[in-house]
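Report on the structure given below.
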Amino acid sequence: MNAPLLNRDAQAHSGWLRVFAFFHLNLAFSSIEEERRGEVIARCYWPLLRLAEKHSHIAIEVSGYTLEEIARHDPSWITQARRLIADGKIELIGSGYSQMIGPLVPARVTAENLRIGNDVYRDLLGARPAVALVNEQAFSAGLVGHYLDAGYRALLMDWDNPSANHPEWDAECQYLPQYAGGLDGRKIALLWTNTAAFQQMQRFVYDDIKLETYRRFVRARRAFSTRALCLYASDAEIFDFRPGRFRTEEKLPQTSEWERIDKALSAVTTEPGINLIAPSHVLKLIDREGGGHLLQLESPDCPVPVKKQRKYNLARWAVTGRDNTAINAACERIYRGMLERSNADWKELCYLWASDFRTHLTEKRWQDFRTRLEAADAEYSPPTVPPLAIPAVEPATDRHLGIETPMINARLDRRRGLALERLRFDGNEHAIIGGISHGTFEEIGLQADWYTGDCVFEAPGEPKITDLEWCEARVQKLENGDVVAHAGIETPKGRIEKQMLFSGNERRIDFDITFHWEDWGKGVLRLGHFTLLPDAFCPDRLWLATTNGGGRETFSLSGETIDHGAPVSFLVSSSHGLGMTEGWAEIGDDNTRLRIEVDRCTAPLLGMLTHRPAKRSDGSAGLFCQLQLSAMELDDTRKPSNYRDGPRRFRFSISAL
């Protein structure tokens, strides 16, 4: 007689399944008004402590700021949490003082965020966490050293997005701890979160699936060998409370959702061969067969992997939201001012750079945030660099304008808003960047005119707006040997003023562009479009380097197909990006190196690379490579609200090193 199905299942999967769970506590949650924080503590955080008393080894991940807010509203919660941590019933997971996106801020700021967070954990909870959650699970190799220096032994990171860009990884790696490589030869242990697993628990808690369906999902993760599975790795504020972010949120049920979480954990842990352990205990499995591999989570196509769905990428916190480009610029100015102060309030800067102010922030909280940001901006920000004066010469009449200095030879197209048709720096035999004419490539998607130095704005359902129009232009050679070119371009949204300063003693061009637009609305604005000429670089030796919250990261581009600016959907306009957190990106080969720099105090633009092999019209092998600078993207967080009214200015440069 055949054995019952469950018995056959247990016999077939004789290995242990270690499960763990942690809950993310965040009183800065973007769509929760501050006056509701006491309600969140009562409805979400206290039931979590009671859950931990019954199910030992539950973990909580909490920022230092959230702990301070809990202490302000309900000190008894802090007392109870401190006791449960001391008794080993709760494991504390760290994240820093605020939920800050490390690959979008300068390295010093991330280091301060982790340091201040550790101070708060010690003072309020008497604990120092060994495991950290990468904020919004936005990972870069440059962050590894920061976490190690702050005393962390391991990071919690999403499996799905990094693995999607690394098909060479063995799928079994997701069930055991691995290592993430840093930039200085050091490595840190990795524990994996699992999007499908935590969404399955949410579905059961919300009564979308039956308990047996959930149990069957977890049972199916057992194998002959020992595995570890993260059952839950998301918000605590979504149970017995509705943040109000989405119109589709269901009403609260009559029965407690925390009781259903209790039921789910009880059902899973009574299964044969499954037991609940703390996240740090999972690290003991790192030496098992299949564990402990050294992985590079980043890749040229996805330099900063993030959490969950593809709609989550760096643009979400960099250049979308209400006015993320402007508020990030304000934070950068405050940071630069703080570097000059011995009494700088780093905690305040960490608060202002938190991710929640950059997504679904309510109107009331937006106004409060603006007031607080403006105060710090006024106190710390260095003086603004004034624009150059418009050249005091007659407007040019020719279509093509030649620019020559001892360091630069360039040709500008007045018919195309002074786009760079070709650019050669001193020391180069031929032009290396510029324009590529229609028909150069065989592929239909590349059969267009490509420019360097132009601006493109696209809005859903609207004609594209660019500066690629006839312009009034003036060119003047200055006494120091520099040459300044100025253009004014009229567009349907308003005037664009463009200045380019061609250096007389450096291989460098500075761009200073101002948009006199009153109404931006929802759209995508990309600038620069630095287009490499197909014959100027060796495709097999080409590389890209930048900083994403840490030191220099270098990516080989040989054979890669990359499109960071490709839309994810009609709602999300881009896929990936480069943080350029120290204000630069470089691209080059063995012979030529170009450096693109961004004035982050004016606008911390997001880098986006397009790179792919492209057959030419004559059948020969070719290459298309272009680096864009994004000032604005579209996603579900975009809700236009100006940090400051008035023209928008963007400053960046290109140089040869």
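The values are calculated or read from the model by the stated rules, or taken from the named source; none is laboratory data. Quick caveat, the model's predicted, so the values are computed rather than measured. Note that each Cβ is placed from the backbone with ideal geometry, even for glycine, and that neighbours are counted across all protein chains shown.
Odds and ends about this structure:
- Test: residue in the stretch 247-268 that is in contact (Cβ under 8 Å) with a residue 60 or more places away in the chain, in contact with a Phe, Trp or Tyr (Cβ under 7 Å, 6 or more places away or on another chain), of a type outside the set (D, E, K, R) and in a loop (DSSP other than H, G, I, E, B): no
- Qualifying residue in the stretch 249-269 (condition: under 25 Å from ARG358 (Cβ atoms), over 15 Å from the mean Cα position of the chain (by Cα) and surrounded by fewer than 21 Cβ atoms within 10 Å (Cβ to Cβ)): yes
- Hits in the stretch 56-72 (condition: at negative phi, surrounded by 16 or more Cβ atoms within 10 Å (Cβ to Cβ) and not small (Gly, Ala, Ser)): ILE58, ILE60, GLU61, VAL62, TYR65, THR66, LEU67, GLU68, GLU69, ILE70
- Among residues of the stretch 441-458 being in a loop (DSSP other than H, G, I, E, B) and either within 14 Å of LEU420 (Cα to Cα) or modelled with pLDDT of 95 or more (or both), the one that is farthest from the chain's Cα centre (by Cα) is ASP449.
- Looking across the stretch 629-652 at every residue that is touching a residue at least 24 places away in the same chain (Cβ under 8 Å) and surrounded by fewer than 17 Cβ atoms within 10 Å (Cβ to Cβ), the one that is farthest from the chain's Cα centre (by Cα) is identified as PRO647.
- Only one of ALA228, ALA223 that is assigned to a strand (DSSP E or B), touching a residue at least 60 places away in the same chain (Cβ under 8 Å), within 21 Å of ASP160 (Cα to Cα) and assigned by TED's automatic domain parsing to the domain that holds SER95: ALA228
- Any hit, the stretch 507-529, residues being out of contact with any strand residue (DSSP E or B) (no Cβ under 6 Å at 6 or more places or on another chain), of a type outside the set (D, E, K, R) and surrounded by 15 or more Cβ atoms within 10 Å (Cβ to Cβ): yes
- With respect to the stated conditions, ARG526 fails to be over 30 Å from ASP589 (Cβ atoms), assigned to a strand (DSSP E or B) and of a type in the set (D, E, K, R).
- Here the stretch 436-457 is the region considered, the condition is being surrounded by fewer than 20 Cβ atoms within 10 Å (Cβ to Cβ) and small (Gly, Ala, Ser), and the residue that is nearest to ALA487 (Cα to Cα) is SER437.
- Positions within the stretch 614-626 being in contact with a helix residue (DSSP H, G or I) (Cβ under 7 Å, 6 or more places away or on another chain) and either more than 15 Å from LEU594 (Cβ to Cβ) or β-branched (Val, Ile, Thr) (or both), in sequence order: ALA614, PHE624
- Residues in the stretch 592-628 that are in contact with a Gly (Cβ under 7 Å, 6 or more places away or on another chain), surrounded by fewer than 21 Cβ atoms within 10 Å (Cβ to Cβ) and free of Cβ contacts under 8 Å to residues at least 60 places away in the same chain: 2 in all.
- Filter pass, ILE562 being out of contact with any Asp or Glu (no Cβ under 7 Å at 6 or more places or on another chain) and not aromatic (Phe, Trp, Tyr): no
- Residues that are of a type outside the set (A, V, I, L, M), in contact with a helix residue (DSSP H, G or I) (Cβ under 9 Å, 6 or more places away or on another chain) and surrounded by 13 or more Cβ atoms within 10 Å (Cβ to Cβ) do not occur anywhere in the stretch 412-423.
- Selection within the stretch 219-235 - closer than 17 Å to ILE286 by Cβ, among the small types (Gly, Ala, Ser) and either touching a Cys at 6+ places or on another chain (Cβ under 9 Å) or surrounded by fewer than 20 Cβ atoms within 10 Å (Cβ to Cβ) (or both): SER225
- Members of the stretch 417-449 that are of a type outside the set (Gly, Ala, Ser), touching a residue at least 12 places away in the same chain (Cβ under 8 Å) and more than 21 Å from ALA656 (Cα to Cα): THR440, PHE441, GLU442, GLU443, LEU446, ASP449
- Summed over the stretch 459-502, residues that are surrounded by fewer than 21 Cβ atoms within 10 Å (Cβ to Cβ), polar (S, T, N, Q) and out of contact with any Gly (no Cβ under 9 Å at 6 or more places or on another chain) total 2.
- Some residue of the stretch 170-178 being surrounded by fewer than 22 Cβ atoms within 10 Å (Cβ to Cβ), touching a helix residue (DSSP H, G or I) at 6+ places or on another chain (Cβ under 6 Å) and in the same structural domain as PHE22 (by TED's automatic domain parsing): no
The rows are residues; the columns are (1) out of contact with any Leu (no Cβ under 6 Å at 6 or more places or on another chain); (2) buried (at least 20 other Cβ atoms within 10 Å of the Cβ); (3) not assigned by TED's automatic domain parsing to the domain that holds ILE60.
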site	(1), (2), (3)
GLY126	yes, no, no
PRO129	no, yes, no
GLU136	yes, yes, no
ALA141	no, yes, no
GLY151	yes, no, no
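- Considering the stretch 245-287, the residues that are among the basic types (Lys, Arg) and modelled with pLDDT under 95 include one that is farthest from LYS187 (Cα to Cα), namely LYS251.
- Restricting the stretch 325-384 to residues that are in contact with a Pro (Cβ under 9 Å, 6 or more places away or on another chain) and surrounded by fewer than 23 Cβ atoms within 10 Å (Cβ to Cβ), the residue that is farthest from ASN26 (Cα to Cα) is GLU340.
- Close pairs (6 angstrom Cβ cut-off, 6 or more residues apart or separate chains): on the phi < 0 side of the Ramachandran plot and in the same structural domain as GLU597 (by TED's automatic domain parsing) in the stretch 558-579, surrounded by fewer than 22 Cβ atoms within 10 Å (Cβ to Cβ) and among the β-branched types (Val, Ile, Thr) anywhere: ASP563/THR610; SER575/VAL568
- Counted residues, the stretch 308-331 - those being acidic (Asp, Glu) and touching an Asp or Glu at 6+ places or on another chain (Cβ under 9 Å): 0
- Among all residues of the stretch 303-310, there is at least one that is in contact with a Ser or Thr (Cβ under 6 Å, 6 or more places away or on another chain) and either modelled with pLDDT of 95 or more or farther than 30 Å from ARG644 by Cα (or both).
- Restricting ARG203, ARG216, ARG242, ARG186 to residues that are surrounded by fewer than 23 Cβ atoms within 10 Å (Cβ to Cβ), over 22 Å from HIS57 (Cα atoms), in the same structural domain as HIS166 (by TED's automatic domain parsing) and modelled with pLDDT under 95 narrows the list to ARG242.
- In the stretch 535-547, residue modelled with the lowest pLDDT [restricted to those that are part of a loop (DSSP other than H, G, I, E, B) and surrounded by fewer than 17 Cβ atoms within 10 Å (Cβ to Cβ)]: ASP535
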